[in-house]
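The values are calculated or read from the model by the stated rules, or taken from the named source; none is laboratory data. Just so it is clear, the model here is predicted, and its values are computed rather than measured. Please note: Cβ atoms are built from the backbone with ideal geometry, for glycine as well, and neighbour counts cover all protein chains shown. SASA here: full protein model, heavy atoms, side chains in, ligands and nucleic acids out. Shrake-Rupley method; radii C 1.70, N 1.55, O 1.52, S 1.80 Å.
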Amino acid sequence: MTSRANASRSGNLRRGVAALAARMMAEDGISDFGFAKRKAARQLGISESEALPNNAEIEAELRAWQALYQDEEQPERLLEMRRAAIEVMRLLGEFRPYLTGGALDGTAGRYTEVDIELYPESAKDVEIFFLNHDIGYEHREPRRGAANAPEAILSFDWNRVPIRLSLYTAQAERVSRRNIERARLPAVEALVQASEGPSA
C-alpha cells in the first residue's frame, strides 16, 4: 500500500472515530473525550495504536452533530446548564469552584452533566456542607491511576440539571492541566449575560 493510500486510510479512520465519539458524547452524555475516543475505536475495530483523533477533531464533529440534530434545543439547554452552574458555584463559593467541560466550552448536550471542580481544604468539608444544607448527593469513585484524578466525585441534580463535582486538593488549584479549560464564577456569569443579550 502506498504512503498516500496509508495517509488516506488513516484520515478516514480518524474521521470515523471522531464522528462516532462525538455522537456518543451527544447522545449518551459521555463527557470524557479520551473515554469516548477509546470506546468509538473499539466499536469500529480500530486499535488504539492507530492514529486516533485529537480532542479538537472530536469537538468539531460534536459541534457539527449538534448543529444538525440539536440546533434548537442545544443552545437552550446550554443556557439552562450555565445558569444552574452559576447557582451551584455561588452556593459552594467557599470551596473555590471552577466550571469546566461542555457547559463551559459550549459542547454540552441533552444528557451532559455540568462539570464543576472544587479545591477545598478537605473533601470532607464539602460533604459536611452538603449534609448541613440537606442536599442529597451520590458519591462516585474517581478513576484510579488517571493523571490528575480528583480525590472524590460527588453528583446530584440541581433543578433537574445533573451536576458533577470533582474535588481536588487545595494545592492542585495552582496546577495547570493540559487541554483543560476552566472558568471562575464571573466568567460564567459573563457567558450567560452575553447569550441572554442586553436587558430590556
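Glu113 satisfies every condition listed in (1) in contact with a Ser or Thr (Cβ under 7 Å, 6 or more places away or on another chain); (2) more than 15 Å from Val161 (Cα to Cα) except (2).
Summed over segment 10-28, residues that are in contact with a Phe, Trp or Tyr (Cβ under 8 Å, 6 or more places away or on another chain) and surrounded by fewer than 16 Cβ atoms within 10 Å (Cβ to Cβ) total 2.
Ile116 satisfies every condition listed in (1) at positive phi; (2) modelled with pLDDT of 95 or more except (1).
Within segment 150-186, restricting attention to residues that are in a helix (DSSP H, G or I) and at pLDDT 95 or above, the residue that is least open to solvent (accessible area, probe 1.4 Å) is Leu185. Taken over segment 110-136, the residue count meeting the criterion of being closer than 29 Å to Pro75 by Cα and open to solvent by 90 Å² or more (accessible area, probe 1.4 Å) is 2.
Asn132 falls short of the stated requirement of being on the phi > 0 side of the Ramachandran plot and among the polar types (S, T, N, Q). Among the residues of segment 70-126, those identified as of a type in the set (Val, Ile, Thr) and outside any helix (DSSP H, G or I) are Thr100, Thr107, Thr112, Val114, Ile116. The selection criterion, being open to solvent by 20 Å² or more (accessible area, probe 1.4 Å) and in contact with a strand residue (DSSP E or B) (Cβ under 8 Å, 6 or more places away or on another chain), holds for His139.
Give segment 26-51 a look and list any residue that's assigned to a helix (DSSP H, G or I), at pLDDT below 80 and among the aliphatic types (A, V, I, L, M), or say none. Quick ask: steps written out before the conclusion?
From segment 26-51, those assigned to a helix (DSSP H, G or I) are 26-28, 33-43; that's our starting set.
Keeping just the survivors that are at pLDDT below 80 gives 26-28, 33-34.
Hit for segment 26-51 is Ala26, nothing else.
When you scan segment 55-65, do you find a residue that is on the phi < 0 side of the Ramachandran plot, buried (at least 21 other Cβ atoms within 10 Å of the Cβ) and among the polar types (S, T, N, Q), even just one? Scanning segment 55-65, I find no residue that is on the phi < 0 side of the Ramachandran plot, buried (at least 21 other Cβ atoms within 10 Å of the Cβ) and among the polar types (S, T, N, Q), so the answer is no.
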